[in-house]
Every structure is written in structure tokens, then in C-alpha cells.
């Protein structure tokens with residue numbers, strides 16, 4: 001189908017205003033512009049019963065979003081997007097608040113280190129170590145360790161997938177993974193990647209720019225912790241919801257990953273949003289598709305967390 005009318009209007013506004021692509025800016029400019037655009041597109045943020053900033057023993061920042069419920073609580077550990085280069089706990093604030101209220105569950109966002117200052121695999125280890133730390137401190141954090149899931153969008157989805165690979169062999173036990181338009185394969189040459197050349201949307205040049213910042217050596221892209229699609233086995237991973245967008249260069253590799261997990265007998269739900277573009281999950285303030293995807297993610301998380 002064609003671009004969703006709301007997406008088309010957003011794209012037309014970008015063209016009219018000649019909004020520069022992030023990859024044409026300095027890192028400092030891109031990081032500031034990324035935060036501003038996400039906050040604007042996310043709409044009004046929801047109030048949450050309790051929000052607190054803490055840190056792991058290793059100094060990794062965490063933000064805890066707790067609904068008005070008695071613990072221990074089912075908990076989603078969320079990794080923000082931004083190509084491992086942009087983004088922060090702040091850019092995932094709206095998503096975290098909405099999910100905490102809608103599921104309901106506790107959401108803990110991880111402030112992992114960014115590239116190029118801290119290239120691969122720093123972010124992967126930050127995310128897995130933080131997941132371990134949260135499980136180990138379940139009582140004080142009011143976490144139900146039997147209902148612990150990970151999730152993320154874009155590069156955050158990549159980090160969530162990598163974390164599940166590590167957790168399968170090294171713990172902690174996870175009950176689910178929410179992967180929203182995740183990167184799963186370095187250097188992918190898919191139909192959606194080749195088609196992703198719109199200068200006013202996230203495109204294949206954007207993808208390459210982020211990978212160039214993340215990896216110090218292209219050979220690292222063959223590591224399954226960078227490219228989860230290349231893992232030797234996808235068996236015994238937790239149930240997964242993969243959300244993709246029709247007009248996203250990452251669409252095909254996200255869907256290939258869902259197919260890999262399904263073939264490995266992992267309970268898999270794949271949901272493509274026609275007419276949508278990369279980033280729409282964080283744009284629920286201006287895109288109805290973003291609202292629908294957020295509602296789907298909330299319902300799926302409620303299901304995998306189950307009852308007390």
C-alpha cells in the first residue's frame with residue numbers, strides 16, 4: 001500500500017522545511033535533533049505512579065517506571081533506539097511510560113554507552129550486565145524474577161535480541177523479547193534495504209552511518225551479538241513479538257529474524273504495519289499506527305507476563 005496519509009504529511013513537512021538528515025550533522029547536533037524530534041512526535045507523556053533514576057553497581061544509569069501496583073511486578077527491561085550512536089533514557093521516556101501504564105508492568109530503561117566513543121560490544125555488555133543486575137536485585141526493585149522480559153526499538157531491538165542470546169547461556173531467565181524494527185544483520189542487501197532511499201525518511205544511508213559508528217572493524221559485523229540473524233542456533237530463546245514497518249530499510253531483516261526464531265520453535269508473533277516507516281513506534285503523538293503498535297505490544301506483554 002502507499003505511505004499512510006499521516007506519514008505522507010509528516011514527510012511532506014520535512015521536505016518543505018528541508019529538514020537535514022541526521023547523518024549530515026555533527027554527532028552533537030544529531031543527538032540534540034534526535035531527542036527533540038522524538039519528544040515532539042511522541043506527544044504528551046503520561047504520568048506514571050513512580051519514576052526513579054538509579055544506577056547499577058558498575059555505574060550504568062537506569063530509570064525505573066512503576067505503576068500503582070503492589071510488587072513484585074512483571075518487568076520489562078527496555079533498550080532505547082538510536083543506531084547505538086544517538087538516543088538516551090530520555091528518548092525512550094514516552095514509550096516507557098505508556099507501556100508501564102498499559103500492560104501494566106514495571107519498565108526499567110538502560111542507559112547503555114554509545115558509539116563511537118564506546119563501540120561494539122560495549123552496549124551489548126552494558127545491556128546484558130544491567131539485565132543480570134536487575135534480576136539479582138529483584139527484591140529491592142520489586143521485580144518478579146519469574147516475569148522478566150527485554151525489549152527495544154531499532155538498535156535497542158538489536159541489543160534486546162543480543163541480550164537474549166547471552167541470557168540463554170548465562171542467565172537470567174527471560175519470558176519474552178519485544179523487538180521493534182530491529183537491526184539483525186550487518187551489511188544486509190535485502191529488497192527493503194535497496195528500496196530505502198527516500199532522502200526525507202530513515203534510509204539505507206542512515207543504516208550505514210550508524211553501523212560505521214558502532215563497529216571499529218567490519219569483521220565485527222559477523223559476530224552474532226552484532227548480527228543476531230547469524231547466531232548458530234536460535235533454539236530455546238524466549239517468546240518474541242517482532243514489529244516491522246512496510247517502508248523501512250530494516251523491514252526484511254526483522255522479518256527474516258522472526259522466521260529464524262519460528263523455525264527454531266520459538267513462539268513467534270510477527271506484525272508488519274503497512275504504510276508505516278522506521279521510527280513510527282515512537283511517534284504515537286502524530287501517527288495512529290504508532291498508537292496501534294504500542295497497544296499491540298502492551299497486549300502481547302500482558303499475555304507473556306500472565307497472572308500473578
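Annotations for the structure displayed:
- Residue match in the range 138-149 (condition: assigned to a loop (DSSP other than H, G, I, E, B) and more than 12 Å from the chain's Cα centre (by Cα)): yes
- In the range 277-295, the count of residues that are more than 15 Å from the chain's Cα centre (by Cα), assigned to a strand (DSSP E or B) and under 18 Å from residue 183 (Cβ atoms) is zero.
- Meets criteria (at pLDDT 95 or above, over 19 Å from residue 99 (Cβ atoms), out of contact with any strand residue (DSSP E or B) (no Cβ under 6 Å at 6 or more places or on another chain) and not in a strand (DSSP E or B)) for residue 259: yes
- Conditions (1) in contact (Cβ under 8 Å) with a residue 60 or more places away in the chain; (2) touching a helix residue (DSSP H, G or I) at 6+ places or on another chain (Cβ under 9 Å); (3) over 30 Å from residue 104 (Cα atoms); (4) surrounded by 12 or more Cβ atoms within 10 Å (Cβ to Cβ); number of the one not met by residue 33: (1)
- Residues that are surrounded by 10 or more Cβ atoms within 10 Å (Cβ to Cβ), part of a helix (DSSP H, G or I) and either in contact with a strand residue (DSSP E or B) (Cβ under 9 Å, 6 or more places away or on another chain) or free of Cβ contacts under 8 Å to residues at least 60 places away in the same chain (or both), drawn from the range 11-26: 11, 12, 13, 24
- Answer from 254, 157 - the residue that is under 29 Å from residue 143 (Cα atoms), modelled with pLDDT of 95 or more, assigned to a helix (DSSP H, G or I) and in contact with a helix residue (DSSP H, G or I) (Cβ under 8 Å, 6 or more places away or on another chain): 157
- The listed residue being touching a residue at least 40 places away in the same chain (Cβ under 8 Å) and surrounded by 22 or more Cβ atoms within 10 Å (Cβ to Cβ), out of 278, 234: 278
- Any hit, the range 217-224, residues being more than 17 Å from residue 260 (Cβ to Cβ), modelled with pLDDT of 95 or more and in a loop (DSSP other than H, G, I, E, B): yes
- Count - residues of the range 31-60 that are over 14 Å from residue 279 (Cβ atoms) and part of a helix (DSSP H, G or I): 2
- Wholly enclosed strands (runs of 3 or more DSSP E) of the range 61-130 bearing at least 1 residues out of contact with any helix residue (DSSP H, G or I) (no Cβ under 7 Å at 6 or more places or on another chain) and free of Cβ contacts under 8 Å to residues at least 12 places away in the same chain: none
- Residue within the range 166-178 that is without any contact (Cβ under 8 Å) to a residue 12 or more places away in the chain, assigned to a helix (DSSP H, G or I) and farther than 30 Å from residue 16 by Cβ present: yes
- Total residues in the range 193-216 satisfying the condition of being in a loop (DSSP other than H, G, I, E, B) and out of contact with any strand residue (DSSP E or B) (no Cβ under 6 Å at 6 or more places or on another chain): the figure is 9.
- Test: residue 186 is touching a helix residue (DSSP H, G or I) at 6+ places or on another chain (Cβ under 6 Å) and over 24 Å from residue 275 (Cβ atoms): yes
- Taking each residue of the range 245-267 that is under 21 Å from residue 291 (Cβ atoms) and looking for partners that are at pLDDT below 95 and buried (at least 24 other Cβ atoms within 10 Å of the Cβ) with beta-carbon atoms closer than 9 Å, six or more apart or interchain, yields nothing.
The values are calculated or read from the model by the stated rules, or taken from the named source; none is laboratory data. Only a predicted model underlies this, so the values are computations on that prediction, with no experimental measurement involved. All Cβ positions, glycine included, derive from the backbone under ideal geometry; neighbour counts span all protein chains shown.
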